[in-house]
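Below is one structure, written out as structure tokens; the observations come after it.
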Amino acid sequence: MAELVAKLSARLGPRPTPENAKERRPHNVPAPNRDRLTLGLDLGDQWSNYCILGLEGETLAEGQLRTTREDVAEFFRALSAARVVMEVGRTRPECGK
């Protein structure tokens, strides 16, 4: 997990922004939320896959983690604020009967 945090920190360094960027945006249009990552998480029975997108929609990291209470908690503790999109679904036909 420390490797993932280090990788994300390096890729999310401060980006220069024009001083007059706010002046060019129309007043009735909300500013994009640029202080959060987007995390896609496909939950599985034993393993879950994740993809972390940066502020501009670029892929920062992809991987797997074990679907245990401890591993998922450690994964989320290592991240700053993020939008989270989860995909879950039945994997066995007998689950819904």
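What to note about this one:
- Extension gain (nm, one decimal) between residue 62 and residue 43, 0.36 nm per residue minus Cα-Cα: 5.5 nm
- Solvent-accessible surface (1.4 Å probe) assigned to residue 87 amounts to roughly 110 Å².
The values are calculated or read from the model by the stated rules, or taken from the named source; none is laboratory data. Computed from a predicted structure; not experimentally measured. Heavy atoms of the whole protein, side chains included, go into the accessibility calculation; ligands, DNA and RNA do not. Shrake-Rupley method; radii C 1.70, N 1.55, O 1.52, S 1.80 Å.
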